[in-house]
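Remarks on the structure that follows.
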Amino acid sequence: MHLLTDNPWPLVIAFAAAAVVAALTGSPRGQKMAGVFLLMAAGVFLLERYLVSPEERVEATVQQMLDNFKQRNLDGIQSQISPHSPALIEIARQGLDLVDLSPAFHIKSAEVTLNDTKTTATAMVRANGEVTLRKHGGATHRVPNYWRTEWVLEDGVWKLSSATRLNPVNGTEMGYFAGN
């Protein structure tokens, strides 16, 4: 099922191709089989849209966190942080005091790995775009970011439990507010 939620297209295309082959036979049975294969292709497509894997839920939560930062929504950010990680709220507040993210700031990639019990996840996130310093003349810089974020499933909701900023070139740890 994991493959289906990641990429349904090979199966959809295979069913569509089988429908074409069945239809080309020209027989009444072939026509019925073509209809069945088309229904199966549509079913796979719709099922994929309906199913959301835990990894996709974490990715969506990461995107929501970025959106909250871009909108300077501290309450939204705070609601996504685990109550067991209060220091992250202060770090987020400091980040909001320091910079504004441009609307074009975006996630370039997010690789999510879940533990065996699917209750904690690690998301390796690359994001980049322009940031504007709120002080010191409001200079704007293009800043690549690379983060290792840890998420914990609390009451059915993914919450951020730790975040480590990494050097985007070599992956070594760096300070939250260090320049690149």
Consider residue 61 carefully, then state whether it is surrounded by fewer than 16 Cβ atoms within 10 Å (Cβ to Cβ), touching a strand residue (DSSP E or B) at 6+ places or on another chain (Cβ under 9 Å) and in contact (Cβ under 8 Å) with a residue 24 or more places away in the chain. no
Of the residues in the stretch 146-167 that are farther than 18 Å from residue 82 by Cα and touching a Lys or Arg at 6+ places or on another chain (Cβ under 7 Å), the one that is surrounded by the most Cβ atoms within 10 Å (Cβ to Cβ) is 146
In the stretch 74-107, anything out of contact with any helix residue (DSSP H, G or I) (no Cβ under 9 Å at 6 or more places or on another chain), part of a helix (DSSP H, G or I) and more than 12 Å from residue 160 (Cα to Cα) is listed as 90, 91, 94, 97, 98
(message) Condition check: more than 22 Å from residue 10 (Cα to Cα), surrounded by fewer than 17 Cβ atoms within 10 Å (Cβ to Cβ), touching a residue at least 60 places away in the same chain (Cβ under 8 Å) and aliphatic (A, V, I, L, M). Does residue 98 satisfy that?
(response) yes
Among the residues of the stretch 51-73, the number that are touching a helix residue (DSSP H, G or I) at 6+ places or on another chain (Cβ under 6 Å) and either of a type in the set (A, V, I, L, M) or on the phi < 0 side of the Ramachandran plot (or both) is 3
Review point. Yes or no: residue 30 more than 30 Å from residue 112 (Cβ to Cβ) and either outside any helix (DSSP H, G or I) or modelled with pLDDT under 90 (or both)?
Key: no
TODO: With respect to residue 44, determine if the residue is out of contact with any Asp or Glu (no Cβ under 9 Å at 6 or more places or on another chain), at pLDDT 95 or above, in a helix (DSSP H, G or I) and within 20 Å of residue 7 (Cα to Cα).
DONE: no
The condition from (1) more than 22 Å from residue 140 (Cα to Cα); (2) surrounded by 13 or more Cβ atoms within 10 Å (Cβ to Cβ); (3) not aliphatic (A, V, I, L, M) that residue 70 misses is numbered (1)
Residue hits (the stretch 124-171; of a type in the set (Gly, Ala, Ser), assigned to a loop (DSSP other than H, G, I, E, B) and free of Cβ contacts under 8 Å to residues at least 12 places away in the same chain) are 139, 156
Checked the stretch 29-56 for anything among the basic types (Lys, Arg) and over 15 Å from residue 9 (Cβ atoms); matches are 29, 32
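The values are calculated or read from the model by the stated rules, or taken from the named source; none is laboratory data. This one's a predicted model, so the numbers in the text were calculated from it and none came from an experiment. All Cβ positions, glycine included, derive from the backbone under ideal geometry; neighbour counts span all protein chains shown.
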